[in-house]
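Okay, structure first, notes after.
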Amino acid sequence: MTEFPVPAGLERAYQLIQTELNHVTDLLGNTLRHYYPEIDAMVRYSFLLGGKRLRPVLLLLVGKATGGVTQEHIRAAAALEMIHTASLVHDDILDGATFRRHLATINAEWDPKSAVLVGDLLLAQAMLVITPCNDINVYRLLSHACFTTCEGELLQTTTRSRFDMDLAQYRAIIAGKTAALLECACRLGAHLSGAESAIIEEYALFGQRLGMSFQIIDDILDLVGNEESTGKTLGTDIINHKPTLPLIHYLSHCGAGERTDLLAILASDTISADQLAAIRTLLKESGSIAAARAEADQLLTEAVQQLDKSVPVATQEQKASRLALEEIAQFVQKRNH
Ligand code: FPP
Ligand code: MG
């Protein structure tokens with residue numbers, strides 16, 4: 001399976017679990033080999049879209065921090081990456097996105113119908129790859145995370161154009177569509193090490209807060225990021241009438257006139273590049289981008305505090321793994337792609 005880029009600043013964190021991560025990569029490569037060349041090409045290609053393997057990395061680091069990485073951790077990490085990739089393949093169809101990680105999306109390179117089926121196939125294979133774990137809890141946790149991810153995405157679909165949505169609704173959407181898988185990664189890492197339930201919950205909460213923050217930053221980048229550095233289609237949230245935190249913040253703080261003007265633009269089916277640029281400026285100058293950043297920062301502070309609160313670790317390796325999780329939180333805070 002194709003190599004992935006190690007994010008700058010996380011070299012030490014990735015080094016700690018390099019061997020185990022290589023096993024995950026090998027397992028992905030061996031599992032996703034297809035007899036039919038057309039399917040083989042699509043499935044292999046889909047894994048170029050995934051990126052930095054954040055979910056397997058979290059699962060493995062939490063595994064190390066709570067006792068040690070086993071074959072079961074490797075399998076669960078591979079399953080989680082397959083589920084994540086499936087969700088991106090489906091998401092790009094829903095968003096009409098044409099490129100991700102500097103590559104054409106499956107819906108653009110092939111067609112949306114094939115992309116639906118590639119996503120489904122990856123989900124089915126995720127369930128197959130964990131069968132040797134013989135642990136019903138792994139199925140339960142992964143199925144629950146898939147369910148919650150779909151629920152978040154459906155909640156987003158059913159609230160499209162609802163720019164008057166309150167923060168609780170927005171938080172419920174991102175808790176589902178993004179945080180559920182990151183939370184699951186941490187939960188599985190601790191569960192498979194045989195950690196006590198209180199410890200499992202501590203790490204799960206770390207993953208949840210990290211995931212919420214990750215999506216807020218993603219939403220900020222969709223508005224004011226750079227396509228060159230993110231490598232994906234940006235501006236899709238506005239075009240798809242998705243209310244995200246900077247917009248919700250702006251609309252709940254601006255005057256009635258500005259609100260009417262902006263809502264009229266957002267309601268339109270054709271938003272021009274100039275209008276998008278004007279919205280970007282408005283959100284930056286009004287402080288709404290900064291307010292969204294502040295919320296993301298707060299969530300990351302909570303994530304790290306959660307780690308500090310959790311039980312003391314015993315060995316040097318456990319300490320290093322805990323530190324690496326903090327470095328991941330810092331990376332999420334600084335990321336611009
Ligand atoms: C990216 O959001 C998308 C997600 C975080 C989840 C997508 C989930 C589904 C399509 C439901 C199907 C679920 C499973 C488990 C198969 P985004 O569009 O805001 O971010 P982007 O800029 O990376 O596209
Ligand atoms: Mg998308």
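The values are calculated or read from the model by the stated rules, or taken from the named source; none is laboratory data. Bear in mind the structure is a predicted one, so any value in this text is a computation, not a measurement. A quick note on method: Cβ atoms are made from the backbone with ideal geometry, for glycine too, and the neighbour counts reach across all protein chains shown. Ligands, DNA and RNA are stripped out before the accessible areas are found, and what is left, the full protein with its side chains, is counted by its heavy atoms. Shrake-Rupley method; radii C 1.70, N 1.55, O 1.52, S 1.80 Å.
Below, the figures for the structure above:
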read-out	value
Segment 122-211: trypsin sites (Lys or Arg not before Pro) falling in loop per DSSP and having at most 12 other Cβ within 10 Å	ARG160
Qualifying lysines (Cα of each under 16 Å from Cα of LYS52; at least 8 residues distant if same chain)	LYS232, LYS334
Dimensionless Rg ratio for the chain, taking C-alpha atoms and the 2.2 N^0.38 Å reference	0.99
GLN305-GLU151 pseudo-label distance in nm [points 7 Å out on the Cα-to-Cβ vector]	2.6
Surface share of carbon and sulfur [accessible, 1.4 angstrom probe, percent] for segment 1-125	56
Pairwise centroid distance, computed over Cα atoms, of segment 21-40 with segment 160-178, Å	36
Accessible surface, the chain, averaged per residue in Å² (probe 1.4 Å)	43
Cα centre as origin, Lys/Arg/Asp/Glu Cβ charges: the chain dipole, Debye	420
Mean Kyte hydropathy of -0.5 or more with a Cα span along the axis of at least 15 Å, helices from DSSP in the chain	54-65, 71-95, 112-129, 136-158, 180-191, 197-224, 256-267, 273-285, 288-309
The chain: relative contact order as a whole-number percent, Cα under 8 Å and 6+ apart	21
Range in the chain, longest, excluding exposed GluC sites (Glu not before Pro) [loop by DSSP; at most 12 other beta-carbon atoms within 10 Å]	4-195
